[in-house]
Structures are given as structure tokens and as C-alpha cells.
Amino acid sequence: MHRCDALHSFKEWKGDRDNVVVYAIRGPHDAGVVILVRSPDELYENDEIFVRETVAAAELAVIPGYFCD
């Protein structure tokens, strides 16, 4: 199982540090994908996909419980 609890505890966006944006994408099929994007603090440095992973429906089902309060 993935560490959604660790991502959920990330609450502070700091403009002078690298940050992370996480996307969970679900479609009309059983699995989905989680994409973690590194957003650097450098003005001219591009965001980069840091993790792209296919996840099972059971793992996707727990994500709203972590992020939708």
C-alpha cells in the first residue's frame, strides 16, 4: 500500500523551496494512476514528473479519505 498518510501530512507550500503536487487519476476501468510532480522553486526550472505509478482500484478507493476532509 502506498504512503498516502505521509502525503496528507504535507500541508505547507513554500515559495522558496521545492514542492510536490500529486495527481490521482481514475477512469472507467479498474486501475488508475498516481503522478507525483516536483515543482522546483527556481523560476526558470521546469516541473518534472518524479513518480508515475499504476495503482489498483482498492488503493485508489482510499485516497479520497485522506484528501477530502
task = Please list the non-local residues whose amide H lies under 5 Å from the amide H of ASN19, H modeled 1.01 Å from N, same-chain partners needing a gap of 5 or more.
result = SER39, ASP41
note = Under the Karplus relation with 6.51, -1.76 and 1.60 and θ = phi - 60°, whole-Hz ³J(HN,Hα) for the stretch 38-55, x at Gly and Pro, equal 8, 10, x, 7, 5, 4, 9, 8, 7, 5, 9, 6, 8, 9, 9, 9, 6, 10
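FYI, it's all coordinate maths here, none of it is from the lab. Just so it is clear, the model here is predicted, and its values are computed rather than measured.
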